Amino acid sequence: MKNSNASKNQTIHRVLFTASASALAVAFAVAFPRPVYADDVTPPPVPANIKVQAGNEAFLVGHGVGTQNYVCLPSGAGVAFTLFTPQATLLTDDGKQITTHFFSPNPFEQNTNPAVSAVGTIRATWQHSRDTSTVWGQVKPGNSSSDPAFIAPNAIAWLLVTVVGADNGPTGGDTLAETTFIQRLNTSGGVAPSTGCASSTDVGHLAFVPYTADYFFYKAAGGHADQGD
């Protein structure tokens, strides 16, 4: 009888240990989701004019959710909505924040626009949400596409952004510091409104247009930029 009870107790202990280990493994997986490494980042096919040049590899992707923000301004003989900043958050597949995205002065470029009161040239900006490493980018002429074979109707263009400035965070964080190019792909929405900016009386009107997009970050092949989570 004693041997039988001991056997039962051992069996119960093994079951409890196995169940506890399984529960711990699940909890660990939920608390610390598997990071997405460079080998897992696969950009979709893109128009030829926004392909990233050879020698660079994608190391990070963020799913952007936010708004494209426009203001009605004089333009030529009339008026038009002009983009004054995007305002977006980039997320992982499981909804964790990676970066914020906006316009800001690039401290590595001198501002030459007298109409803008800023130390650096205003550029598209991405700032890592954990280590605050930051990159500034420029869409060079010809690096924008609205090819209907790729881009959805009523969606903002796909872009190839060339990095023109990068900075570590204040404690040395460098997740984005080695970024060379960023692609804005798989866009939805974000197009400036067709109404609300028709005459001089509309100057100053604002429009915040919801959009989504996927942002693919590249670095020189063989670089050591780490994947943020």
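The table that follows gives values for the structure above.
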| read-out | value |
| --- | --- |
| Viscosity 1.002 mPa s, temperature 20 °C, Stokes-Einstein D of the range 67-160 from Kirkwood C-alpha radius, µm²/s | 138 µm²/s |
| Solvent-accessible surface (1.4 angstrom probe) belonging to I156, in square angstrom, nearest 10 | 20 Å² |
| Extension gain (nm, one decimal) between N49 and L73, 0.36 nm per residue minus Cα-Cα | 5.7 nm |
| Rounded to the nearest 10 Å², the accessible area of S188 at probe 1.4 Å | 60 Å² |
| Difference of contour (0.36 nm per residue) and Cα-Cα distance, H205 to N113 | 30.8 nm |
| All-pairs alpha carbon distance profile, the range 93-229, 10 Å steps from 0, percent | 11, 33, 37, 16, 3, 0 |
| Cα→Cβ-extended label distance, 7 Å offset, between S194 and Q97, nm | 3.6 nm |
| Under Karplus coefficients 6.51, -1.76 and 1.60, residue-wise ³J(HN,Hα) of the range 77-92 in Hz, glycine/proline x | 8, x, 9, 7, 6, 10, 5, 10, 5, x, 9, 9, 10, 9, 10, 7 |
| Label zone at T171, where the point sits 7 Å out along the Cα-to-Cβ direction: the range 101-140 residues whose backbone N lies under 11 Å | 130-132 |
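The values are calculated or read from the model by the stated rules, or taken from the named source; none is laboratory data. Every value quoted in this text rests on a predicted model; they were computed, and no experiment measured them. For neighbour counting, all protein chains shown are included, and Cβ atoms are generated from backbone atoms with ideal geometry for every residue, glycine included. Accessible surface areas use protein heavy atoms only, side chains included; no ligands, DNA or RNA. Shrake-Rupley method; radii C 1.70, N 1.55, O 1.52, S 1.80 Å.
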